[in-house]
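The values are calculated or read from the model by the stated rules, or taken from the named source; none is laboratory data. Since the structure is predicted, the reported quantities are computational estimates derived from the model, not experimental observations. All Cβ positions, even for glycine, are placed from backbone atoms using ideal geometry, and neighbour counts span all protein chains on display.
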Amino acid sequence: HSGVRMHLATTELDMGPPVSYCTYPLHGSAFDEMWREVEKRGVAAIKSEDGEENALFQAIRRQGVARELPLVVETLRTFAEGRVRVRDNQVVDGQGRPVAGFDLTDEIERIVERAKI
């Protein structure tokens, strides 16, 4: 699996506590052939020859990009609904319990699926 996260803003990029996140699988029909290519060629060869132009790298990145904006919007919605908030620089749920990021995977996957229509 891979995923996308939003962090509480701090002076260092992406170093604040996670506010929200979503995950997505890296296997299945969209990825399997590309993984076989990685197994045949080896990670070191792909890194040195293809780098970020590698088909698998690009496919994984596309999946992440497709979820970035929906995650921003849904994170703002969870704040507006009171499902998550920040208290004393700590992310807490609606009952005030600390959370290590609010999992919005289900919401984000529904949005991504609707966008494919």
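Worth a mention:
- Within segment 12-27, restricting attention to residues that are of a type in the set (A, V, I, L, M, F, W, C) and surrounded by 10 or more Cβ atoms within 10 Å (Cβ to Cβ), the residue that is farthest from Gly64 (Cα to Cα) is Met15.
- So Ala30, is it closer than 22 Å to Ala115 by Cβ, modelled with pLDDT under 90, aliphatic (A, V, I, L, M) and surrounded by 11 or more Cβ atoms within 10 Å (Cβ to Cβ): yes
- Residue identified as at pLDDT 90 or above and either buried (at least 16 other Cβ atoms within 10 Å of the Cβ) or among the hydroxyl-bearing types (Ser, Thr, Tyr) (or both) among Pro98, Pro70: Pro70
- Residue, surrounded by the fewest Cβ atoms within 10 Å (Cβ to Cβ), within segment 74-92, restricted to residues that are among the hydrophobic types (A, V, I, L, M, F, W, C) and free of Cβ contacts under 8 Å to residues at least 24 places away in the same chain: Ala80
- Any hit, segment 57-66, residues being of a type outside the set (A, V, I, L, M), more than 18 Å from the chain's Cα centre (by Cα), at pLDDT 90 or above and under 27 Å from Met6 (Cβ atoms): no
- Residues of segment 1-49 satisfying the condition of being of a type in the set (Val, Ile, Thr) and in contact (Cβ under 8 Å) with a residue 60 or more places away in the chain: Val4, Val19, Thr23
- When residues of segment 42-56 are limited to those that are within 21 Å of the chain's Cα centre (by Cα) and of a type in the set (A, V, I, L, M), the one surrounded by the fewest Cβ atoms within 10 Å (Cβ to Cβ): Ala55
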